[in-house]
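*Asks:* Sharing a structure with you now.
The values are calculated or read from the model by the stated rules, or taken from the named source; none is laboratory data. Everything quoted here is computed from the prediction, not taken from an experiment. Counting neighbours? That spans all protein chains shown, and the Cβs are built from the backbone with ideal geometry, glycine included.
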Amino acid sequence: MRNSSIILLFLVVGLCCQGCESVPSGCGSSSEKPINVRLSELGITLPEVATPVAAYVNVVESGNLIFVSGQLPKRDGKVIFTGKVGRDIELAEAQKAARLCAINALAAIEAQLGSLEQVNRIVRVEVFVNSSTGFTGQSQVANGASLLLQQVFGDAGRHARMAVGVAELPLNATVEVAMIVEKK
Amino acid sequence: MRNSSIILLFLVVGLCCQGCESVPSGCGSSSEKPINVRLSELGITLPEVATPVAAYVNVVESGNLIFVSGQLPKRDGKVIFTGKVGRDIELAEAQKAARLCAINALAAIEAQLGSLEQVNRIVRVEVFVNSSTGFTGQSQVANGASLLLQQVFGDAGRHARMAVGVAELPLNATVEVAMIVEKK
Amino acid sequence: MRNSSIILLFLVVGLCCQGCESVPSGCGSSSEKPINVRLSELGITLPEVATPVAAYVNVVESGNLIFVSGQLPKRDGKVIFTGKVGRDIELAEAQKAARLCAINALAAIEAQLGSLEQVNRIVRVEVFVNSSTGFTGQSQVANGASLLLQQVFGDAGRHARMAVGVAELPLNATVEVAMIVEKK
């Protein structure tokens, strides 16, 4: 009698939790090297994270999703890539700007989670490119961020993405990158 | 004694899972017809899905949310609606472009889930309209995508939405549509 | 025997639900005053919520996330802040417009959840600013929404945010604000 009730227990709990357990597919740490080794091999030192001066925060967790605020291509607190791609700044520079935004996002995630090893996968990357009239290479600019994420996280760094050309960006930044990340 | 412990089991499991089970509101398969019948009635054949050439993917799953990358109005690998609404292309054509983006998103979802029957509901649709100066009909353009989703999924196709007018889009596309979908 | 099976039951249920329970971090109702008291102290009366005329809805729930459609600065069904910041409308007015969008979002959330007390925290705020050439103060405009949310919800109102300058917005609105919110 005792055994049957235990078996039933497992059955019911199993059925009940099938619907609610969060099983991320296509993720996992396929990368063998620790993230910090990868970063240093890429010559990347994550910067100190500045607290936003306004009434918002860099990162919010909800369940196991991490929402990262739109990051600008800042270094030492200053936007170092400004202007519109196709008029004020070259594509190659804009790609570096997108890469820097992604690095700043990683710094914000690390500050929140304690370690980038806690990232299960990059879910979504949103790239807003300050675009001059007629510039239609937003995907190439966005690749600056996407490639960095794949270099750092391997397969777990591959993400859904949107890239659009906006009219203006805060502080005349060349690009702004926001992210949604899944933690382990 | 056996009965009471079973009843207790159900009670506790019920209470425990109330907080964690994902109960989408206002969804459900209110549509009686299979999705593929609806699609063929609408004259829609889902295209082959091309793998993005860059370091991102069409679809990422996290829990039971599906994040679909920004889709362009492509057919056979080519963007077939280009230019800015209000200058280069008429509203009615832009609506067709938005509809095509949504169809491409459905193709990507089907490729990921195996069947569109696995879609529980469309959660959010993001519409970026390549807009000429003074064009303020972004909502009407977006309806091209929204109506298609409602035709295909019925009530489960009704979604939260944002629609904005951007300065430029990749490959001079007329519209880009990204989505968040909940699977069953 | 009865006791041991009950203890086992709790243990198993506890283990099972550890993975699936959604524990939002950094949230909680740190605010002592009820939300409706805060709103009235701020002189805010939440408006009636109009049903969108198109094939989308104001709010979609998925799990404990609430996705709010892009809100325009409408009052009594009319957009009352129009034009581009930096050309047609001053920064201070644009901030009021962003605040009004946020108020309309709260009205939509209240209509969905029954009460704003059901909000656990504001997760993410997306601000699209109708920007004239050379206007780069999108963050300041967005603060109009962010500050309101912090005033209403306290720490639970602090959110991840992105703010960009778009070329055009529906109905020539000055700003559009979308949100992701976590319910209790």
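*Asks:* Consider C:Val123 carefully, then state whether it is in contact with a strand residue (DSSP E or B) (Cβ under 9 Å, 6 or more places away or on another chain), in a helix (DSSP H, G or I) and under 21 Å from A:Ala178 (Cα atoms).
*Replies:* For C:Val123, the condition - in contact with a strand residue (DSSP E or B) (Cβ under 9 Å, 6 or more places away or on another chain), in a helix (DSSP H, G or I) and under 21 Å from A:Ala178 (Cα atoms) - is not met.
*Asks:* Determine whether B:Gln150 is free of Cβ contacts under 8 Å to residues at least 40 places away in the same chain and surrounded by fewer than 23 Cβ atoms within 10 Å (Cβ to Cβ).
*Replies:* Yes: the conditions hold for B:Gln150.
*Asks:* Any idea which of B:Arg87, B:Arg38 is part of a loop (DSSP other than H, G, I, E, B), surrounded by fewer than 19 Cβ atoms within 10 Å (Cβ to Cβ) and modelled with pLDDT of 90 or more?
*Replies:* From the options B:Arg87, B:Arg38, the qualifying one is B:Arg87.
*Asks:* I'm trying to understand the selection: among the residues of segment C:157-177, which are surrounded by 23 or more Cβ atoms within 10 Å (Cβ to Cβ) and either among the aliphatic types (A, V, I, L, M) or modelled with pLDDT under 95 (or both)?
*Replies:* C:Ala160, C:Met162, C:Ala163, C:Val164, C:Val166, C:Ala167, C:Leu169, C:Ala173, C:Val175, C:Val177
*Asks:* Give the number of residues within segment A:45-69 that are under 20 Å from C:Gly137 (Cβ atoms), small (Gly, Ala, Ser) and within 8 Å of chain C (Cβ to nearest Cβ).
*Replies:* 3
*Asks:* Among the residues of segment C:154-184 satisfying the criterion of being acidic (Asp, Glu) and within 14 Å of chain B (Cβ to nearest Cβ), which is farthest from the chain's Cα centre (by Cα)?
*Replies:* In this case the residue turns out to be C:Glu168.
*Asks:* Turning to a different aspect of this structure: Could you say whether any residue in segment A:148-162 is assigned to a strand (DSSP E or B), of a type in the set (Gly, Ala, Ser) and either on the phi > 0 side of the Ramachandran plot or touching a Ser or Thr at 6+ places or on another chain (Cβ under 9 Å) (or both)?
*Replies:* yes
*Asks:* With the checklist (1) of a type outside the set (Phe, Trp, Tyr); (2) more than 10 Å from chain A (Cβ to nearest Cβ); (3) under 21 Å from A:Ala163 (Cα atoms); (4) out of contact with any Gly (no Cβ under 7 Å at 6 or more places or on another chain) in hand, flag the one item B:Gln151 doesn't pass.
*Replies:* (3)
*Asks:* Can you spot a residue in segment A:13-26 that is more than 30 Å from B:Gly114 (Cβ to Cβ) and at pLDDT below 90?
*Replies:* no
*Asks:* Against the definition (within 26 Å of C:Gly83 (Cα to Cα) and either part of a strand (DSSP E or B) or of a type in the set (Ser, Thr, Tyr) (or both)), how does C:Gly165 come out, yes or no?
*Replies:* In short, yes.
*Asks:* Same structure, new question: Tell me yes or no: at least one residue of segment B:125-132 is under 15 Å from C:Leu169 (Cβ atoms), within 14 Å of chain A (Cβ to nearest Cβ) and surrounded by fewer than 19 Cβ atoms within 10 Å (Cβ to Cβ).
*Replies:* Within segment B:125-132 (the criterion being under 15 Å from C:Leu169 (Cβ atoms), within 14 Å of chain A (Cβ to nearest Cβ) and surrounded by fewer than 19 Cβ atoms within 10 Å (Cβ to Cβ)), the answer is yes, since at least one residue qualifies.
*Asks:* Out of the residues in segment C:95-124 that are touching a Phe, Trp or Tyr at 6+ places or on another chain (Cβ under 8 Å) and within 14 Å of chain A (Cβ to nearest Cβ), state the one that is surrounded by the fewest Cβ atoms within 10 Å (Cβ to Cβ).
*Replies:* Here the answer is C:Val123.
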